[in-house]
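For reference, the structure discussed in these notes is given below.
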Amino acid sequence: MSDSTVDQGRRTWVAITAGAGAVGGVAAAVPFVSTFAPSERAKAAGAAVEADISGLKPGEKMTVEWRGKPVWIVRRTPEMLEGLKKTEPLVADPASERKPSELTPEYARNAHRSIKPEYLVAVGICTHLGCSPSDKFATGAQPSLPGDWQGGFLCPCHGSTFDMAGRVFKNVPAPDNLEVPPHMYLSDAKLLIGEDKKG
């Protein structure tokens with residue numbers, strides 16, 4: 001056997017061994033590296049949710065789930081928006097000044113508590129003990145509501161009331177306005193809930 005044949009055989013075995021070692025190293029590293037990625041459950045818990053609002057008619061509400069919470073999207077009518085002027089002196093926190101960093105992003109600290117006046121985006125959980133308020137969009141006297149009711153939400157658990165901007169009325173158990181989650185419009189028909197910064 002010549003020296004060149006021996007050298008060729010050694011090179012082949014070195015190449016095979018190096019290749020096998022590289023494959024083994026990658027195989028061992030993949031599970032380790034994948035542990036740094038968030039789980040599917042964790043992604044779902046904090047991931048932003050896209051909502052198609054193209055079919056939402058004035059006066060209607062849709063609900064989407066974000067972080068395990070119901071998020072209401074209400075397309076308000078001009079009459080509903082007009083009613084906000086009448087409820088302003090009756091609500092406890094008209095300018096959303098309480099807990100602003102927790103409950104109301106800066107772009108929603110206005111009379112209609114939203115980016116676009118036509119749309120209310122709010123977490124549908126009462127700030128008292130976590131019940132989900134019922135829609136009471138019809139105006140006027142109704143059971144458990146005042147005679148000059150302008151439309152809004154009534155919590156069935158302890159009677160807290162919120163106007164069509166999710167602002168809590170005075171002298172009810174709920175201490176704060178409904179939470180406005182971070183959100184932004186991707187287009188006139190698409191709303192992204194859970195994120196409000198364009199990358």
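The values are calculated or read from the model by the stated rules, or taken from the named source; none is laboratory data. All of these numbers come straight from a predicted model, not from anything done at the bench. Every residue, glycine among them, receives a Cβ derived from its backbone with ideal geometry; neighbour counts consider all protein chains shown. Areas reflect the complete protein model, heavy atoms only, side chains present, ligands, DNA and RNA absent. Shrake-Rupley method; radii C 1.70, N 1.55, O 1.52, S 1.80 Å.
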Taking H128 as meeting all but one of (1) modelled with pLDDT under 95; (2) surrounded by fewer than 18 Cβ atoms within 10 Å (Cβ to Cβ), write down the number of the exception. (2)
Please verify whether segment 114-123 includes one or more residues that are closer than 11 Å to E179 by Cβ, crowded, with 17+ Cβ neighbours inside 10 Å and free of Cβ contacts under 8 Å to residues at least 60 places away in the same chain. yes
Identify, please: which residue in segment 38-48 is farther than 20 Å from S132 by Cα and open to solvent by less than 60 Å² (accessible area, probe 1.4 Å) and is, among those, modelled with the highest pLDDT? A48
Would you tally the residues in segment 54-82 being outside any strand (DSSP E or B) and of a type in the set (K, R)? 3
What number goes with the only condition from (1) out of contact with any helix residue (DSSP H, G or I) (no Cβ under 9 Å at 6 or more places or on another chain); (2) loosely packed, with under 13 Cβ neighbours inside 10 Å that G68 does not pass? (1)
T63 fails exactly one of (1) more than 16 Å from the chain's Cα centre (by Cα); (2) modelled with pLDDT of 95 or more; (3) hydroxyl-bearing (S, T, Y), namely (1)
Residue satisfying all of: in segment 71-83; of a type in the set (A, V, I, L, M) and open to solvent by 10 Å² or more (accessible area, probe 1.4 Å); farthest from F137 (Cα to Cα) among these: L81
If a residue must be open to solvent by 20 Å² or more (accessible area, probe 1.4 Å) and aromatic (F, W, Y), how many such residues does segment 146-199 contain? 2
